[in-house]
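To start, the structure itself, in structure tokens.
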Amino acid sequence: MKKLQITFEKINEKPNSQIVKFDGDFDGSVKENLTETYSLVDEAPQGTNLIFDFSKLNYLNSYAIGHLVSWHKTINQKGGKIFISGTNKNVEDIFAILGLATLFKVFPDVTSAIAGL
């Protein structure tokens, strides 16, 4: 298992938009790694859009799903959206089974997600 690392990248051509890159395994062992993401979501101005880049995400479980749904709720209440990009087959299956594709727009890659903003 690879410990989750999360990095942030502003999208210069899209105000109030950022890419949040997930690299590793998103499970219950990553509590301390989520502080900055929660701050980003909680302090986001109205109309903020986030692209969660999962192209290097190996695994996620119910712990991760709970956070994703919470972040979606907070951003949605502020008039923004969270887009998901670069999912692998495992993540796609989990999203399909849980019906998460109705909450998040899923794109094949970051470039497509930026175009969808």
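Since every read-out is calculated from the coordinates, none of them should be taken as a lab result. A quick note: this is a predicted structure, and the numbers were derived from the prediction, not measured. For neighbour counting, all protein chains shown are included, and Cβ atoms are generated from backbone atoms with ideal geometry for every residue, glycine included.
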Treating only the Cα positions of the stretch 5-115 as identical point scatterers, give the base-10 log of I(q)/I(0) from the Debye formula at each q in 0.11, 0.17, 0.18 Å⁻¹. -0.30, -0.76, -0.87
Could you tally the net charge around Leu50, taking each other residue with its Cβ under 12 Å from the Cβ of Leu50, Lys/Arg +1 and Asp/Glu -1? +4
For the pair Val69 and Asp27, the simple spin-label estimate (label points 7 Å beyond Cα toward Cβ) gives in nm 2.0
Added length on full extension, which subtracts the Cα-Cα distance from 0.36 nm per residue, Leu117 to Asp93: 6.2 nm
What order do you get for 24-32, 84-92 when each peptide is scored by the mean count of other beta carbon atoms within 10 Å, highest first? 84-92, 24-32
